[in-house]
1. Name every residue in the range 254-268 that is open to solvent by 60 Å² or more (accessible area, probe 1.4 Å), within 21 Å of the chain's Cα centre (by Cα) and either farther than 26 Å from Gln92 by Cα or at pLDDT below 95 (or both), in order of residue number.
2. Name the residues in the range 53-69 that are open to solvent by 50 Å² or more (accessible area, probe 1.4 Å) and either touching a Leu at 6+ places or on another chain (Cβ under 7 Å) or without any contact (Cβ under 8 Å) to a residue 40 or more places away in the chain (or both), would you?
3. Residues that are within 23 Å of Pro284 (Cα to Cα) and among the charged types (D, E, K, R): which strands (runs of 3 or more DSSP E) entirely in the range 12-101 hold 1 or more of them?
4. If I filter the range 182-192 for residues that are more than 17 Å from the chain's Cα centre (by Cα), part of a helix (DSSP H, G or I) and surrounded by fewer than 22 Cβ atoms within 10 Å (Cβ to Cβ), do I get at least one hit?
5. So, of the residues in the range 36-53 that are in contact with a His (Cβ under 8 Å, 6 or more places away or on another chain) and not hydroxyl-bearing (Ser, Thr, Tyr), which turns out to be farthest from Asp110 (Cα to Cα)?
6. Would you confirm whether any residue within the range 231-245 is over 19 Å from the mean Cα position of the chain (by Cα), open to solvent by less than 10 Å² (accessible area, probe 1.4 Å) and over 18 Å from Gly149 (Cβ atoms)?
7. Considering each of Ala148, Ala153, Ala224 in turn, give the residue that is under 20 Å from Ala69 (Cβ atoms), of a type outside the set (Ser, Thr, Tyr) and out of contact with any Lys or Arg (no Cβ under 7 Å at 6 or more places or on another chain).
8. Under the condition of being in contact (Cβ under 8 Å) with a residue 40 or more places away in the chain, within 27 Å of Glu28 (Cα to Cα) and small (Gly, Ala, Ser), which residue from the range 168-181 is least open to solvent (accessible area, probe 1.4 Å)?
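The values are calculated or read from the model by the stated rules, or taken from the named source; none is laboratory data. It should be emphasised that the depicted structure is a prediction, and the values quoted were computed from it without experimental measurement. For neighbour counting, all protein chains shown are included, and Cβ atoms are generated from backbone atoms with ideal geometry for every residue, glycine included. Each accessible area value is taken on the protein alone, full model and side chains, heavy atoms only, with ligands, DNA and RNA left out. Shrake-Rupley method; radii C 1.70, N 1.55, O 1.52, S 1.80 Å.
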Amino acid sequence: MRKLFLSLLFLVAAGAHAQTDVIDLWPEGVPNARANPGPEHVDGDRISNVSRPTLIVYPAAIDRPARTAVIVCPGGGYEFLSFTREGRQYAQWLSSLGITAFVLKSRLGDYGHPAPLQDVLRAIRTVRAQAEKFGVAPDRIGVMGSSAGGHLAASAATLYDQPAGRTGAQLDAVSARPDFAILMYPVITMDPSAAHMGSRQALLGAHPSAELVRLMSVEKQVTAQTPPTLLMHSQDDGAVPIENSILFFQALTRAHVPAEMVFFERGGHGMGMNPGLGNASNWPRRAEDWLRYRHLIVQ
(Lines give C-alpha, C1' and ligand atoms only; values in the text may rest on other atoms or scores of the structure.)
Protein backbone atom coordinates (compact mmCIF):
# COMPACT_ATOMS: atom_id res chain seq x y z
CA MET A 1 0.00 0.00 0.00
CA ARG A 2 2.82 2.40 0.86
CA LYS A 3 4.49 1.66 -2.48
CA LEU A 4 1.25 2.41 -4.34
CA PHE A 5 0.79 5.65 -2.38
CA LEU A 6 4.31 6.79 -3.21
CA SER A 7 3.79 5.98 -6.88
CA LEU A 8 0.59 8.01 -6.98
CA LEU A 9 2.29 10.85 -5.12
CA PHE A 10 5.06 10.85 -7.70
CA LEU A 11 2.59 10.98 -10.58
CA VAL A 12 0.73 13.92 -9.07
CA ALA A 13 3.97 15.78 -8.41
CA ALA A 14 5.24 15.07 -11.91
CA GLY A 15 2.02 16.33 -13.46
CA ALA A 16 2.03 19.49 -11.39
CA HIS A 17 5.63 20.22 -12.31
CA ALA A 18 5.08 19.60 -16.01
CA GLN A 19 2.27 22.13 -16.25
CA THR A 20 4.81 24.93 -15.81
CA ASP A 21 6.76 24.02 -18.97
CA VAL A 22 4.75 24.75 -22.10
CA ILE A 23 6.33 25.07 -25.54
CA ASP A 24 4.74 27.27 -28.18
CA LEU A 25 5.07 25.25 -31.39
CA TRP A 26 4.74 28.18 -33.75
CA PRO A 27 6.45 31.22 -32.18
CA GLU A 28 6.80 32.73 -35.63
CA GLY A 29 3.05 32.49 -36.18
CA VAL A 30 0.61 29.61 -36.67
CA PRO A 31 0.33 28.56 -40.33
CA ASN A 32 -2.95 29.65 -41.93
CA ALA A 33 -4.10 31.13 -38.61
CA ARG A 34 -7.78 31.98 -38.45
CA ALA A 35 -8.79 35.54 -37.72
CA ASN A 36 -10.41 35.99 -34.31
CA PRO A 37 -10.56 32.27 -33.41
CA GLY A 38 -11.83 32.97 -29.91
CA PRO A 39 -10.69 31.22 -26.73
CA GLU A 40 -10.11 27.51 -26.36
CA HIS A 41 -13.08 25.56 -25.06
CA VAL A 42 -12.41 23.40 -22.00
CA ASP A 43 -15.16 21.00 -20.97
CA GLY A 44 -13.84 18.70 -18.26
CA ASP A 45 -11.37 16.37 -19.99
CA ARG A 46 -12.06 17.86 -23.42
CA ILE A 47 -10.28 20.73 -25.13
CA SER A 48 -11.49 22.13 -28.44
CA ASN A 49 -11.15 25.24 -30.62
CA VAL A 50 -7.36 24.99 -30.45
CA SER A 51 -5.68 27.85 -32.26
CA ARG A 52 -2.31 27.94 -30.44
CA PRO A 53 -0.66 24.50 -30.68
CA THR A 54 1.65 23.67 -27.79
CA LEU A 55 3.61 20.91 -26.10
CA ILE A 56 3.38 20.34 -22.36
CA VAL A 57 6.56 18.75 -21.00
CA TYR A 58 6.60 15.95 -18.44
CA PRO A 59 10.25 15.28 -17.50
CA ALA A 60 11.53 11.75 -17.01
CA ALA A 61 11.71 10.39 -13.49
CA ILE A 62 15.06 11.60 -12.17
CA ASP A 63 16.07 8.19 -10.84
CA ARG A 64 15.75 6.36 -14.17
CA PRO A 65 16.27 8.66 -17.15
CA ALA A 66 16.21 6.66 -20.39
CA ARG A 67 17.05 9.55 -22.77
CA THR A 68 13.88 8.62 -24.67
CA ALA A 69 11.10 11.03 -25.62
CA VAL A 70 7.48 10.41 -26.59
CA ILE A 71 5.10 12.93 -28.12
CA VAL A 72 1.59 12.03 -26.95
CA CYS A 73 -1.36 12.75 -29.27
CA PRO A 74 -4.72 12.66 -27.45
CA GLY A 75 -7.78 11.33 -29.25
CA GLY A 76 -11.16 12.94 -29.77
CA GLY A 77 -12.23 12.34 -33.36
CA TYR A 78 -10.38 15.46 -34.59
CA GLU A 79 -13.23 17.39 -32.90
CA PHE A 80 -11.74 17.73 -29.42
CA LEU A 81 -8.76 16.46 -27.44
CA SER A 82 -9.22 13.99 -24.58
CA PHE A 83 -6.45 15.84 -22.83
CA THR A 84 -6.46 14.21 -19.40
CA ARG A 85 -7.29 10.55 -20.07
CA GLU A 86 -5.26 10.20 -23.28
CA GLY A 87 -2.75 12.96 -22.65
CA ARG A 88 -1.67 13.79 -19.13
CA GLN A 89 -2.25 10.31 -17.70
CA TYR A 90 -0.19 8.70 -20.45
CA ALA A 91 2.54 11.30 -19.97
CA GLN A 92 2.72 10.69 -16.23
CA TRP A 93 2.98 6.94 -16.82
CA LEU A 94 5.75 7.44 -19.39
CA SER A 95 7.56 9.79 -17.02
CA SER A 96 7.50 7.10 -14.32
CA LEU A 97 9.30 4.78 -16.79
CA GLY A 98 12.09 7.30 -17.32
CA ILE A 99 10.72 8.74 -20.56
CA THR A 100 10.35 12.46 -21.17
CA ALA A 101 6.82 12.96 -22.45
CA PHE A 102 5.35 15.85 -24.40
CA VAL A 103 1.56 16.16 -24.67
CA LEU A 104 0.59 17.72 -27.98
CA LYS A 105 -2.24 20.21 -28.14
CA SER A 106 -2.86 20.25 -31.88
CA ARG A 107 -5.32 21.95 -34.18
CA LEU A 108 -8.48 20.04 -35.05
CA GLY A 109 -11.29 19.76 -37.56
CA ASP A 110 -12.04 23.46 -37.53
CA TYR A 111 -8.72 23.78 -39.36
CA GLY A 112 -8.75 20.37 -41.06
CA HIS A 113 -5.95 18.76 -43.03
CA PRO A 114 -3.03 19.51 -43.12
CA ALA A 115 -3.02 21.51 -39.85
CA PRO A 116 -2.85 18.53 -37.43
CA LEU A 117 -0.09 16.93 -39.52
CA GLN A 118 1.87 20.18 -39.51
CA ASP A 119 1.55 20.37 -35.73
CA VAL A 120 2.73 16.83 -34.98
CA LEU A 121 5.66 17.09 -37.39
CA ARG A 122 6.62 20.48 -35.92
CA ALA A 123 6.47 18.87 -32.47
CA ILE A 124 8.90 16.12 -33.49
CA ARG A 125 11.24 18.61 -35.13
CA THR A 126 11.13 20.86 -32.07
CA VAL A 127 12.01 18.07 -29.65
CA ARG A 128 14.74 16.71 -31.93
CA ALA A 129 16.27 20.15 -32.44
CA GLN A 130 16.35 20.70 -28.66
CA ALA A 131 17.16 17.12 -27.65
CA GLU A 132 20.15 18.12 -25.55
CA LYS A 133 18.10 20.65 -23.63
CA PHE A 134 15.49 18.02 -22.78
CA GLY A 135 18.06 15.35 -21.93
CA VAL A 136 16.95 12.98 -24.69
CA ALA A 137 18.72 11.36 -27.61
CA PRO A 138 17.74 12.69 -31.06
CA ASP A 139 17.36 9.11 -32.33
CA ARG A 140 15.02 8.04 -29.49
CA ILE A 141 11.97 10.20 -30.20
CA GLY A 142 8.65 8.39 -30.59
CA VAL A 143 4.97 9.16 -30.97
CA MET A 144 1.99 7.73 -29.10
CA GLY A 145 -1.64 8.30 -29.94
CA SER A 146 -5.12 7.05 -29.18
CA SER A 147 -8.11 6.85 -31.53
CA ALA A 148 -7.89 9.90 -33.81
CA GLY A 149 -4.67 10.75 -31.97
CA GLY A 150 -3.49 7.33 -33.13
CA HIS A 151 -4.23 8.40 -36.69
CA LEU A 152 -2.19 11.55 -36.13
CA ALA A 153 0.71 9.53 -34.66
CA ALA A 154 0.50 7.03 -37.54
CA SER A 155 0.43 9.95 -39.98
CA ALA A 156 3.68 11.19 -38.44
CA ALA A 157 5.15 7.69 -38.82
CA THR A 158 4.27 7.49 -42.51
CA LEU A 159 3.92 11.06 -43.83
CA TYR A 160 6.90 12.68 -42.12
CA ASP A 161 8.28 13.81 -45.50
CA GLN A 162 4.96 15.03 -46.89
CA PRO A 163 5.29 18.51 -48.42
CA ALA A 164 2.01 19.50 -46.76
CA GLY A 165 3.68 18.97 -43.39
CA ARG A 166 6.21 21.73 -44.06
CA THR A 167 5.67 25.47 -43.82
CA GLY A 168 8.93 26.87 -45.20
CA ALA A 169 10.35 27.51 -41.73
CA GLN A 170 14.03 26.91 -40.98
CA LEU A 171 13.05 24.07 -38.66
CA ASP A 172 11.74 22.11 -41.67
CA ALA A 173 15.36 21.05 -42.25
CA VAL A 174 15.21 18.87 -39.10
CA SER A 175 13.95 15.32 -39.64
CA ALA A 176 10.36 14.76 -38.53
CA ARG A 177 10.53 10.96 -38.72
CA PRO A 178 9.67 9.40 -35.35
CA ASP A 179 11.91 6.55 -34.20
CA PHE A 180 9.01 4.42 -32.94
CA ALA A 181 5.24 4.54 -32.54
CA ILE A 182 2.70 3.28 -30.01
CA LEU A 183 -0.84 3.27 -31.40
CA MET A 184 -3.79 2.75 -29.07
CA TYR A 185 -7.07 1.71 -30.77
CA PRO A 186 -6.06 3.97 -33.66
CA VAL A 187 -8.05 5.35 -36.53
CA ILE A 188 -6.00 4.26 -39.54
CA THR A 189 -8.03 4.09 -42.73
CA MET A 190 -10.29 6.67 -44.35
CA ASP A 191 -11.93 4.01 -46.51
CA PRO A 192 -15.64 3.90 -45.57
CA SER A 193 -15.51 0.12 -45.18
CA ALA A 194 -13.67 0.46 -41.83
CA ALA A 195 -13.23 4.19 -41.23
CA HIS A 196 -14.35 6.10 -38.19
CA MET A 197 -16.50 8.43 -40.25
CA GLY A 198 -16.58 11.18 -37.64
CA SER A 199 -12.79 11.47 -37.73
CA ARG A 200 -12.77 11.32 -41.51
CA GLN A 201 -15.31 14.12 -41.91
CA ALA A 202 -13.70 16.32 -39.25
CA LEU A 203 -10.25 15.99 -40.84
CA LEU A 204 -11.06 15.80 -44.55
CA GLY A 205 -14.46 17.42 -44.87
CA ALA A 206 -17.74 16.03 -46.13
CA HIS A 207 -16.64 15.42 -49.73
CA PRO A 208 -12.88 14.74 -49.86
CA SER A 209 -11.20 13.81 -53.11
CA ALA A 210 -10.24 10.19 -53.74
CA GLU A 211 -6.59 11.30 -53.73
CA LEU A 212 -6.89 12.84 -50.26
CA VAL A 213 -8.74 9.81 -48.89
CA ARG A 214 -5.96 7.57 -50.14
CA LEU A 215 -3.20 9.83 -48.77
CA MET A 216 -4.73 9.93 -45.29
CA SER A 217 -5.51 6.20 -45.26
CA VAL A 218 -2.15 5.72 -43.63
CA GLU A 219 -2.04 1.94 -44.06
CA LYS A 220 -1.45 2.77 -47.74
CA GLN A 221 1.53 5.01 -46.87
CA VAL A 222 3.65 2.44 -45.00
CA THR A 223 7.16 1.87 -46.38
CA ALA A 224 10.29 0.12 -45.18
CA GLN A 225 11.23 3.42 -43.50
CA THR A 226 8.14 3.45 -41.26
CA PRO A 227 9.42 3.11 -37.68
CA PRO A 228 8.87 0.10 -35.38
CA THR A 229 5.30 0.12 -34.12
CA LEU A 230 3.24 -1.30 -31.27
CA LEU A 231 -0.52 -1.57 -31.80
CA MET A 232 -3.18 -2.18 -29.14
CA HIS A 233 -6.89 -2.62 -29.78
CA SER A 234 -9.96 -4.36 -28.36
CA GLN A 235 -12.07 -6.77 -30.37
CA ASP A 236 -15.26 -5.21 -28.98
CA ASP A 237 -14.32 -1.63 -29.93
CA GLY A 238 -17.64 -0.25 -31.13
CA ALA A 239 -16.29 3.10 -32.32
CA VAL A 240 -13.09 2.36 -34.25
CA PRO A 241 -13.22 -1.13 -35.77
CA ILE A 242 -10.29 -3.37 -34.93
CA GLU A 243 -9.75 -3.74 -38.69
CA ASN A 244 -7.93 -0.40 -38.53
CA SER A 245 -5.07 -1.89 -36.48
CA ILE A 246 -5.12 -5.10 -38.53
CA LEU A 247 -4.74 -3.15 -41.78
CA PHE A 248 -1.79 -1.20 -40.41
CA PHE A 249 -0.11 -4.30 -39.00
CA GLN A 250 -0.49 -6.11 -42.32
CA ALA A 251 1.06 -3.15 -44.15
CA LEU A 252 3.95 -3.04 -41.68
CA THR A 253 4.52 -6.77 -42.13
CA ARG A 254 4.55 -6.49 -45.92
CA ALA A 255 7.12 -3.69 -45.63
CA HIS A 256 9.23 -5.76 -43.18
CA VAL A 257 8.86 -3.14 -40.45
CA PRO A 258 9.28 -4.53 -36.89
CA ALA A 259 5.84 -4.51 -35.32
CA GLU A 260 3.78 -6.09 -32.58
CA MET A 261 0.05 -5.99 -32.01
CA VAL A 262 -1.79 -6.81 -28.81
CA PHE A 263 -5.52 -7.45 -29.19
CA PHE A 264 -7.90 -7.84 -26.28
CA GLU A 265 -11.26 -9.56 -26.29
CA ARG A 266 -12.88 -6.85 -24.17
CA GLY A 267 -11.98 -3.27 -23.42
CA GLY A 268 -14.20 -1.24 -25.69
CA HIS A 269 -13.06 2.09 -27.06
CA GLY A 270 -11.06 4.62 -25.07
CA MET A 271 -9.34 2.23 -22.66
CA GLY A 272 -7.03 4.95 -21.42
CA MET A 273 -5.54 3.99 -18.06
CA ASN A 274 -8.90 2.72 -16.80
CA PRO A 275 -8.99 -0.20 -14.35
CA GLY A 276 -11.67 -2.89 -14.42
CA LEU A 277 -11.35 -3.78 -18.10
CA GLY A 278 -9.98 -7.27 -17.55
CA ASN A 279 -6.85 -8.07 -19.54
CA ALA A 280 -7.13 -4.76 -21.38
CA SER A 281 -6.31 -2.87 -18.20
CA ASN A 282 -2.90 -4.57 -18.26
CA TRP A 283 -1.88 -2.89 -21.50
CA PRO A 284 0.66 -0.56 -19.80
CA ARG A 285 2.65 -3.61 -18.69
CA ARG A 286 2.61 -5.01 -22.23
CA ALA A 287 3.75 -1.66 -23.59
CA GLU A 288 6.48 -1.45 -20.95
CA ASP A 289 7.75 -4.88 -22.02
CA TRP A 290 7.88 -3.68 -25.64
CA LEU A 291 9.74 -0.51 -24.70
CA ARG A 292 12.21 -2.53 -22.68
CA TYR A 293 12.68 -5.07 -25.48
CA ARG A 294 13.53 -2.22 -27.86
CA HIS A 295 15.98 -0.76 -25.28
CA LEU A 296 13.95 2.44 -25.00
CA ILE A 297 13.75 2.27 -21.21
CA VAL A 298 16.27 1.17 -18.63
CA GLN A 299 16.41 -2.59 -18.01
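1. Pro258, the sole residue that qualifies.
2. Once the filter is applied, which keeps residues that are open to solvent by 50 Å² or more (accessible area, probe 1.4 Å) and either touching a Leu at 6+ places or on another chain (Cβ under 7 Å) or without any contact (Cβ under 8 Å) to a residue 40 or more places away in the chain (or both), the range 53-69 yields Ile62, Asp63.
3. Strands (runs of 3 or more DSSP E) meeting the threshold: 46-48.
4. Taking every residue of the range 182-192 in turn, none turns out to be more than 17 Å from the chain's Cα centre (by Cα), part of a helix (DSSP H, G or I) and surrounded by fewer than 22 Cβ atoms within 10 Å (Cβ to Cβ).
5. Only one residue tops the list, namely Ile47.
6. Checking the range 231-245: not a single residue is over 19 Å from the mean Cα position of the chain (by Cα), open to solvent by less than 10 Å² (accessible area, probe 1.4 Å) and over 18 Å from Gly149 (Cβ atoms).
7. One residue alone meets the criteria, Ala153.
8. Per the criteria, the residue is Ala176.
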